[in-house]
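Engineer: Before we start, here is the structure in question, set down as structure tokens.
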Amino acid sequence: MKILVIEDEKRLCEALVQLLKRQNYSVDYDNDGESGLDDALSGIYDVIILDVMLPKLDGISVLKEIRREKMNVPVIILTAKGEISDKVRGLDTGADDYLPKPFNTEELLARVRALGRRRGELVETSALTLGSTSFDTRNLRLSCGDADVTLTRKEGELLEYLMINKNIITSKEQIIEKLWGFDSEAEANHVEVYVSFLRKKLKRVGADIRITAVRGMGYKLEIGTE
């Protein structure tokens with residue numbers, strides 16, 4: 001799951017990013033509303049954590065623009081303690097949840113998981129299954145039968161994305177945006193390399209799923225062996 005944090009308090013922002021990365025989420029961040037809105041509108045994020053008080057463009061305005069563009073990405077707003085008006089405005093504008101500062105990190109993680117489940121992209125056990133093959137997104141463990149192997153973070157992000165979009169062709173450009181970010185310098189060969197790595201590990205555990213290349217279009221994950 002890919003998360004965007006928009007928070008201007010740099011120490012808090014860094015702490016949030018590290019907390020989420022330790023849960024094996026892919027995380028990007030911005031420290032002002034304008035940059036945050038640009039990233040949010042890319043459409044590559046599964047959850048956005050958005051502070052209300054931001055420089056250049058406040059969080060409520062960022063949220064309004066996100067919803068004006070008909071984007072249904074779940075948004076958690078962070079509000080100053082006791083600011084009921086911020087909570088009300090945020091929820092009325094289209095926020096899915098809110099947390100007052102200071103907040104408990106375990107509660108934040110629970111709310112992120114809940115929003116992920118609501119969107120249908122994360123199950124409670126943190127496991128994705130297709131055929132007889134399972135992938136534990138939290139521990140990056142790929143397994144089939146009695147065999148299992150640990151994936152690298154990027155391999156895990158790729159497999160998670162393909163499993164969520166099973167039987168759907170995803171282009172190399174979509175994969176680059178999802179895994180590396182829309183302003184990344186990653187190129188098509190980066191995708192090809194990680195697809196190759198992942199195919200080898202699928203074969204190692206005897207997985208009954210395969211990554212199929214569709215000429216000129218991209219890749220799709222489907223049940224079957226190579």
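The values are calculated or read from the model by the stated rules, or taken from the named source; none is laboratory data. All values derive from a computational prediction rather than experimental measurement. Note: ideal-geometry Cβ built from the backbone for every residue, glycine included; neighbour counts use all protein chains shown. What goes into the accessible areas is simple: the full protein's heavy atoms, side chains included, and nothing from ligands, DNA or RNA. Shrake-Rupley method; radii C 1.70, N 1.55, O 1.52, S 1.80 Å.
Engineer: What is the magnitude of the charge dipole of the chain about its Cα centre, with +1 placed on the Cβ of each Lys and Arg, -1 on the Cβ of each Asp and Glu, and no other charges, expressed in debye to the nearest 20? Write down the numbers at each step before the final one.
Structural biologist: Details: 34 positive and 39 negative charges, 166 e Å.
Dipole magnitude for the chain comes out near 800 debye.
Engineer: Same structure, new question: On a 0 to 90 degree scale, rounded to 10, what angle separates helix 105-118 from the longest Cα axis of the chain?
Structural biologist: Once rounded, one gets 60 degrees.
Engineer: How many percent of Cα pairs in the stretch 121-210 exceed 23 Å?
Structural biologist: On the way: 783 of 4005 pairs.
Counting every Cα pair in the stretch 121-210, those more than 23 Å apart make up 20 percent.
Engineer: Positive end of the dipole of the stretch 29-171, charges at C-beta (+1 Lys, Arg; -1 Asp, Glu), about the Cα centre: which of G94, A110, I164 has its Cα farthest in that direction?
Structural biologist: Farthest along the dipole direction, towards plus: G94.
Engineer: While we're on this one: Helix-only mean residue ellipticity at 222 nm, the chain, DSSP H runs n ≥ 4 weighted -39,500 (n - 2.57), per residue, nearest 500. What is it?
Structural biologist: Working: 8 runs with 92 residues, N = 226.
So the helix-based figure for the chain works out to -12500 deg cm²/dmol.
Engineer: Something else: Per 0.36 nm of contour for each residue apart, how much would the distance between N167 and T129 grow if the chain were fully extended, relative to their Cα-Cα spacing? Working shown, then result.
Structural biologist: Details: separation 38, 0.36 × 38 = 13.68 nm, distance 1.36 nm.
Once the chain is fully extended between N167 and T129, it gains 12.3 nm.
Engineer: Going down the list K87/K172; K10/K200; K70/K166, which pairs span over 28 Å between their C-alpha atoms?
Structural biologist: Details: K87/K172 39 Å; K10/K200 40 Å; K70/K166 24 Å.
Result: K87/K172; K10/K200 exceed 28 Å.
Engineer: Now a separate question. Using only Cα atoms, locate the centre of the stretch 159-226 and the centre of the stretch 4-57, then give the distance between them in Å, rounded to an integer.
Structural biologist: A separation of 26 Å, based on Cα centres.
Engineer: Return, ordered by residue number, the residues of the stretch 57-87 whose backbone nitrogen is under 15 Å from a label point located 7 Å along Cα→Cβ of D32.
Structural biologist: 57-59, 62
Engineer: Another question, if that's okay. How large is the accessible surface of D8 in square angstrom, using a 1.4 angstrom probe and rounding to the nearest 10?
Structural biologist: 60
Engineer: If the elastic network links every pair of Cα atoms under 10 Å, which of G131, G94, G116 fluctuates the most in the Gaussian network model of the chain?
Structural biologist: G131
Engineer: For the chain, take the longest principal axis of its alpha carbons; what is the angle in degrees between that and the long axis of helix 10-22, to the nearest 10 within 0 to 90?
Structural biologist: 30
Engineer: Between M217 and E185, what FRET efficiency comes out of the Förster formula 1/(1 + (r/R0)^6) with R0 = 25 Å and r the beta carbon distance, rounded to 0.05? Can you show the working numbers first?
Structural biologist: Numbers: r = 23 Å, r/R0 = 0.92.
So, using R0 = 25 Å, E works out to roughly 0.60.
Engineer: Probe 1.4 Å, all protein chains in place: accessible area of R68 in Å², nearest 10?
Structural biologist: About 140 Å², rounded to the nearest 10.
Engineer: Order V193, V17, most accessible first, counting only protein heavy atoms with a 1.4 angstrom probe. If you can, show how the numbers build up before the last one.
Structural biologist: Details: V193 65, V17 10 Å².
The most accessible residue leads, giving V193, V17.
Engineer: Loop-only check: which trypsin sites (Lys or Arg not before Pro) in the stretch 78-107 are DSSP coil with at most 11 other Cβ within 10 angstrom?
Structural biologist: Numbers: sites: K81, K87, R89; in loops: K81.
In loop regions of the stretch 78-107 (DSSP not H, G, I, E or B), the sparsely surrounded trypsin sites (Lys or Arg not before Pro) are K81.
Engineer: On to the next question. Stokes-Einstein D for the chain at 20 °C, 1.002 mPa s, Kirkwood Rh over Cα pairs, in µm²/s?
Structural biologist: Numbers: Rh = 18.4 Å.
For these conditions, the coefficient is 116 µm²/s.
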